[in-house]
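For reference, the structure is listed below as structure tokens.
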Amino acid sequence: MKAPLAGIKVLDLSRVLAGPWCTQLLADLGADVIKIERPGAGDDTRHWGPPWHGQGDRRVAAYFLSANRGKRSAAIDFAQPQGAALVRQLAAQCDVVVENFRVGGLAKFGLDATSLRGGHPRLIYASITGFGQDGPYADRAGYDFIIQGMGGMMSVTGLPDDAPGGGPLRAGVAIADLFTGMYTCTAILAALYRREKSGEGATIDMALFDTQIAVMANQASNALVSGKDPPRQGNTHPNIVPYQPFDAADQPIIIAVGNDRQFARLADICGHPEWTADARFASNAARVANRNVIVALVSEVIAQKSAAEWLDQLKRAGIPAGPINRIGQALTDVQAQHRAMVRTIAGMPLVGSPVRMDGVRADAELPPPALGEHSDEILAAMGIAPGDIARLRSTGIVG
């Protein structure tokens, strides 16, 4: 399969996670992504270890590996005028620029949207910030943890305040960063499609705060419709019952009953078909209203058999269910192995792309780059002579 974005060149001025996650997805889809990094230091996440991969000069944090496959790295100090000029020259040859500096942070280098798009109207320029390019919080730095707190995620994640260990809890991965990266990629793809018809590029303004609110999904809708803040309720679902973990005789399993038909089948395999005739449980709305009663009844039955026995019965009954795996178990699960979700590139163990098109995985073949690994080849492709590259390197402008 020809990569869908073959021929598209992306200049990646971003670092840490939201921007790199976006550009990694673009690389998986076939774009040539050039990552600009600070000489001698690089992306902050190169140093966010342990754990580490590699030794000596090649040592890099596992965190960096998670978001930077498929890219080429050029180490250019654009805080120096010559470095900024090099990056501007490179941007003029690109289709897309992605950056996540604070609002106005790149203007002094001539690397902001206005400066770059002024001479290159086909350019698609995507900015990722904590709170967007305008508004009362626009000048604030935004980090995922803060955004999860401010955007409502932590108010619905974790156990209720009155439960042991209760209180606000952040998600176990940087959900605001990751979703913002994905939304930014989607916006870039839409802008590329529009450009094919109009010839015009775009200036994209993405905010972690906006994204966090958007992905509150049904919880935000519940608040808007009811006028009440949804509570934290641990591993239960605000709108569906039973939809939570249950303790089998040996370990917990998740049972996710999504409709009344599935509940009837659950009642049957639990040996209590009469539950479906009980007005308290006959509909999902009734089960939500009587959550504690039906959950207690189901819990008592599930505790009588092993997890394996229940998972087999639930599968045969067509009721969604599954174990609660640790990450290591998930990575080695037979389904993950069949789908080739774990791969190795140049000796680096990586999680692969989940995207498949026409039966082929859209997955970049380049490993996460060493800092400045491709500086010379990128500059040479710009027409810069070897002697000039050596001079730029000697002055610290290029690494």
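The values are calculated or read from the model by the stated rules, or taken from the named source; none is laboratory data. Values in this document were obtained by computation on a predicted structure and should not be read as measured data. When we count neighbours, we look across all protein chains shown, and the Cβ atoms used for this are built from the backbone with ideal geometry, even at glycine. Ligands, DNA and RNA are stripped out before the accessible areas are found, and what is left, the full protein with its side chains, is counted by its heavy atoms. Shrake-Rupley method; radii C 1.70, N 1.55, O 1.52, S 1.80 Å.
Answer yes or no as to whether ASP144 is without any contact (Cβ under 8 Å) to a residue 12 or more places away in the chain, crowded, with 16+ Cβ neighbours inside 10 Å and within 27 Å of the chain's Cα centre (by Cα).
It is false that ASP144 is without any contact (Cβ under 8 Å) to a residue 12 or more places away in the chain, crowded, with 16+ Cβ neighbours inside 10 Å and within 27 Å of the chain's Cα centre (by Cα).
Do you know which residues across the range 185-203 are touching a helix residue (DSSP H, G or I) at 6+ places or on another chain (Cβ under 9 Å) and outside any helix (DSSP H, G or I)?
Within the range 185-203, GLU200, GLY201, ALA202, THR203 qualify.
Is there any pair linking a residue in the range 112-132 that is more than 18 Å from VAL33 (Cβ to Cβ) to one that is in a helix (DSSP H, G or I) and open to solvent by 10 Å² or more (accessible area, probe 1.4 Å), with Cβ under 6 Å and at least six apart or on different chains, and which?
Going by the 6 Å Cβ cut-off, the qualifying pairs are PHE131/PHE209.
Restricting to the range 245-255, and then to whatever is open to solvent by less than 20 Å² (accessible area, probe 1.4 Å) and assigned to a strand (DSSP E or B), can you tell me which residue is nearest to GLY234 (Cα to Cα)?
Taking the candidates together, the pick is PHE246.
When you look at LEU106, is it open to solvent by less than 60 Å² (accessible area, probe 1.4 Å), touching an Asp or Glu at 6+ places or on another chain (Cβ under 6 Å) and within 30 Å of PHE78 (Cα to Cα), yes or no?
Here the answer is yes, as LEU106 does meet what is asked.
Look at PRO349 and say whether it is open to solvent by 50 Å² or more (accessible area, probe 1.4 Å), within 30 Å of SER66 (Cα to Cα) and within 23 Å of the chain's Cα centre (by Cα).
Yes; evaluated as a whole, the condition is true for this residue.
Does GLY181 meet the test of being surrounded by 18 or more Cβ atoms within 10 Å (Cβ to Cβ), touching a helix residue (DSSP H, G or I) at 6+ places or on another chain (Cβ under 8 Å), closer than 19 Å to VAL97 by Cβ and not hydrophobic (A, V, I, L, M, F, W, C)?
Criteria met by GLY181.
Quick one: is GLY383 farther than 26 Å from ARG69 by Cβ and part of a loop (DSSP other than H, G, I, E, B)?
Yes, satisfied.
Among the residues of the range 272-291, what is the count of those that are touching a helix residue (DSSP H, G or I) at 6+ places or on another chain (Cβ under 7 Å) and assigned to a helix (DSSP H, G or I)?
Result for the range 272-291: 5.
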